[in-house]
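Since the structure comes first, as structure tokens, the remarks are kept for the end.
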Amino acid sequence: MQILTPVAGPEEVEPLVSSGADELYAGIFPDSWYERFGRGAWPNRRGPGPANLRTVDQVVSLQRAAHATEDGPRAGGRSVPLYLAVNAPFYTDEQAAHLLDVLAEVHAAAPVDAFIVTDPGFMALLRERVPEAAIFASTVTVALNSEAVRFLAEDLECSRVILSRHLDLREIRTIRDTVPDVDLEVFLLNDNCYFEEGFCSTTHTMPGFGVYCMTPWEIEVRRDHDGAPISGPEERARWDFLIDEHREFIRHLGNRGHGAGPTKMPLGPCGLCGIPELMDLGIHSGKIVGREASLFRKLRSVQAVRYVRDSYGEGGGREAATEAKRRAIELRGDPAGCAAGYSCYYRPARQRDLVPLPTRPRGPRRPRRR
Amino acid sequence: MILCVHAPDRRRLELLRDADDLRLGETPWAQEFGEVKRLYFGVGFCQHLLSPAEDAIAAAELAAERGWGLTYITSYVTDAFLTKTMDVVAALVAAQAPDLEVVVDDWGVLRRVRGEHPTVRLVLGRGLNRMVRDPRVPDVGPEHLGGDEVPTSWGGSSLGSAAFRALLRRFGVKRGEADVPLQGLTAGATGDTGGAPAEGMATAVHLPYGMVASGRICMVSAYGKPPSTRFVPPLACDAPCRDTTLTLRAPWSRRDEGAEALPVSEGAFIPLTKLLNRRRNALPEPKDDAAPRFLQKGNTHFYELDGDRLDAALAWAKAEPTVDRVVVEVDLPM
């Protein structure tokens, strides 16, 4: 399984690649786009800032570093592919025309290895304008089943499909078994979403408001049959508990405030325990999220994934898988967080003999139905 | 303009059947569109709310009885539920549901229906017709965007893209569904055909509820569940959302009422995510409250258009050349 790592500039390439990154991805928020469409309209899933490159020249520099070209800063080094995210949920005709010009310029100056795209209409335009460019279907296209993967890979000719973040290992296995010939990419570390990313119609994050799904709502619960708010103390206690737990879950999805554990591992969403199963399934690539993160966080993430992947090896069997998971938990240094499971991308991948899973539900129990 | 009514499930279908006025008395604004001509049935936001085939056939029978067409709404699905969805579609085809259309919110469902039932008309669902439905947008201004104005693309949708419409036509999709977000849509948001109707795509607008966000992780489904299965996509669900609606009171005030939009400290915004969850058991009366409110049903957040916003949405729908249907949601569409 390849380790796909976010990158923000050419200076990050060498440390990331020497730490184990096999593939790199970046985003672009061109200055010309900013001038024309403003700060609020994003050409990909991140706004202006450290998560995005700003000019074609920056993409060219990054591509030379990634491909270790003779005229680049890493001449003679290990060449790795570079992908560019242009995965806004949709583009207006005007935005699409502008972005096509930018991408055509990128392709002419320093072709990247693939564009990560969501909008199927934009995929068609890009294929027409730059026929030789490879296109990956972004997770925002929402591929939840094998027919959707077929649609994206065969009908829209995407050379890789990035699966939904919320598919569990069993569902991924079904897809893999049904469409064995399609390159699949899954999420491994950092920044999960509460909603299905393709069906979240919000602006993701907004200065002053933050991330929509982390909004601290005041919540009133009503029963539909009589329209009245819940009132009994026991039921209220159960809902209070659920709302508090939900808040805690959301905090985990948002990297627990970007905290790090004792080994300086990011404590956000984590799929390290799922690596052995994902490797057995033949998943092509595992993604580390966080283009905007510090280089240190990216490096720590790459090192962690590489450590677990290499300790499992190829086709390592159950004992090797257990050992890889044990190392993952030890590396993370957060047994309580692992036990809670709220940070897990692949919660069923945890093993009871490694993680102290709670045997009884915390909080008030649901009443038995009569 | 054709008026349509939506019954998400069998219970709402029976309520519709029993009501002399088809419950349109609850949505007086809909009466200007004349008689109902089409029934929408099904849920587009959760695979666990897939109705059994017999309920879908009951909807087809009601539609046939009243001389309506039937539009069956499907959800986004995993492989297990793709098979179940196709069983219902096959049952509707076998039952010769009147003038059957299938709304798809999943590329896999689109591919299967097209392959197995080429005569069924395909409709692009609200989920796949991407648009900005962020309920915070009406309260966003240049102060949040570094001095920039709110972008005009926030008033657009996927159907506004000529390339997207051409691609849909290639895959047999003839129609689309749309919400009208709180900030409204621009003219041509569902396709500016520039006087060439063949380039456009007929669109149905759902009112007054619009989808903000949806996903397979469901807070309501987690009610009473142990930690190991809490807040993961449920394998099975007994749908507590059928009888539970959450009202979400926003921690900011309405911009158009002149109130301070957000908590401000020494000129800098405090991200709302830094605030504590201010949970209450009963919210203040809406008439005394300047905070926006939204709705949560199961795994999906919705907003409701009312007052001036509903009037503006209706005016937009009437003026938009591609919009030929209004779908009345008497209840939240789940």
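The values are calculated or read from the model by the stated rules, or taken from the named source; none is laboratory data. All values derive from a computational prediction rather than experimental measurement. Here the Cβ positions follow ideal geometry from the backbone for every residue, glycine too, while neighbour counts run over all protein chains shown.
Okay, residues lined up against (1) in a loop (DSSP other than H, G, I, E, B); (2) small (Gly, Ala, Ser); (3) under 25 Å from residue B:300 (Cβ atoms); (4) more than 23 Å from the chain's Cα centre (by Cα):
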{"site": "B:129", "(1), (2), (3), (4)": "yes, no, yes, no"}
{"site": "B:138", "(1), (2), (3), (4)": "no, no, yes, no"}
{"site": "B:159", "(1), (2), (3), (4)": "no, no, yes, no"}
{"site": "B:164", "(1), (2), (3), (4)": "no, no, yes, no"}
{"site": "B:203", "(1), (2), (3), (4)": "no, no, yes, no"}
{"site": "B:210", "(1), (2), (3), (4)": "no, yes, yes, no"}
From the options B:82, B:50, residue that is at pLDDT 95 or above and either more than 14 Å from chain A (Cβ to nearest Cβ) or surrounded by fewer than 21 Cβ atoms within 10 Å (Cβ to Cβ) (or both):
B:50
Report yes if residue A:256 is facing chain B (nearest Cβ under 7 Å) and not hydrophobic (A, V, I, L, M, F, W, C), otherwise no.
no
Would the stretch B:61-68 turn up any residue that is within 14 Å of chain A (Cβ to nearest Cβ) and out of contact with any Lys or Arg (no Cβ under 7 Å at 6 or more places or on another chain)?
no
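To keep it simple, each residue is scored yes or no on (1) within 20 Å of the chain's Cα centre (by Cα); (2) more than 22 Å from residue B:214 (Cα to Cα); (3) among the charged types (D, E, K, R).
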| residue | (1), (2), (3) |
| --- | --- |
| A:180 | no, yes, no |
| A:183 | yes, yes, yes |
| A:196 | yes, no, yes |
| A:202 | yes, no, no |
| A:213 | yes, no, no |
| A:219 | no, no, no |
| A:223 | no, no, yes |
| A:229 | no, yes, no |
Residue within the stretch A:109-119 that is of a type in the set (Gly, Ala, Ser) and crowded, with 18+ Cβ neighbours inside 10 Å present
yes
Reported set for the stretch B:24-34 where residues are more than 19 Å from the chain's Cα centre (by Cα) and either at pLDDT 95 or above or in a helix (DSSP H, G or I) (or both) is B:25, B:28, B:31, B:32, B:33
Among the residues of the stretch B:116-136, write down those that are more than 7 Å from chain A (Cβ to nearest Cβ) and closer than 16 Å to residue B:186 by Cβ.
B:129
In the stretch A:176-210, what count of residues is obtained for those that are more than 9 Å from chain B (Cβ to nearest Cβ), of a type outside the set (Val, Ile, Thr) and touching a helix residue (DSSP H, G or I) at 6+ places or on another chain (Cβ under 7 Å)?
6
Under the condition of being of a type in the set (D, E, K, R) and surrounded by fewer than 18 Cβ atoms within 10 Å (Cβ to Cβ), which residue from the stretch B:137-158 is modelled with the lowest pLDDT?
B:143
Among the residues of the stretch A:100-116, which ones are acidic (Asp, Glu) and in a loop (DSSP other than H, G, I, E, B)?
A:113
Inside the stretch B:234-247, can you point out the residues that are without any contact (Cβ under 8 Å) to a residue 60 or more places away in the chain and either buried (at least 17 other Cβ atoms within 10 Å of the Cβ) or among the aromatic types (Phe, Trp, Tyr) (or both)?
B:244, B:246, B:247
Residue count, the stretch A:278-296 (criterion: in contact with a Gly (Cβ under 8 Å, 6 or more places away or on another chain) and without any contact (Cβ under 8 Å) to a residue 60 or more places away in the chain)
1
Just to confirm my filter: which helices (runs of 4 or more DSSP H) fall fully inside the stretch A:270-348 and include at least 1 residues that are within 14 Å of chain B (Cβ to nearest Cβ)?
A:335-340
The helices (runs of 4 or more DSSP H) lying wholly within the stretch A:151-260 that contain at least 1 residues that are among the aliphatic types (A, V, I, L, M), surrounded by 20 or more Cβ atoms within 10 Å (Cβ to Cβ) and modelled with pLDDT of 95 or more are A:169-178
Applying the selection to the stretch A:1-25, what residues are out of contact with any helix residue (DSSP H, G or I) (no Cβ under 6 Å at 6 or more places or on another chain) and either small (Gly, Ala, Ser) or more than 21 Å from residue A:305 (Cβ to Cβ) (or both)?
A:8, A:9, A:11, A:18
Given the structure, is residue B:119 assigned to a loop (DSSP other than H, G, I, E, B) and out of contact with any helix residue (DSSP H, G or I) (no Cβ under 6 Å at 6 or more places or on another chain)?
yes
Condition first: crowded, with 24+ Cβ neighbours inside 10 Å and under 21 Å from the mean Cα position of the chain (by Cα). Now tell me which residues in the stretch B:94-112 satisfy that.
B:102, B:103, B:104, B:105, B:106, B:107, B:108, B:109, B:110
Count of residues meeting criterion [under 16 Å from the mean Cα position of the chain (by Cα), of a type in the set (Ser, Thr, Tyr) and in a loop (DSSP other than H, G, I, E, B)] in the stretch B:212-256:
0
Residues in the stretch A:117-147 that are assigned to a helix (DSSP H, G or I) and either farther than 19 Å from residue A:91 by Cα or of a type in the set (S, T, N, Q) (or both) total 4
Taking the stated definitions as given, is residue A:104 without any contact (Cβ under 8 Å) to a residue 60 or more places away in the chain, crowded, with 20+ Cβ neighbours inside 10 Å and out of contact with any Leu (no Cβ under 8 Å at 6 or more places or on another chain)?
no
Within the stretch A:149-167, residues at the interface with chain B (Cβ under 7 Å from one of its Cβ atoms) and under 19 Å from the mean Cα position of the chain (by Cα) come out as A:152, A:166
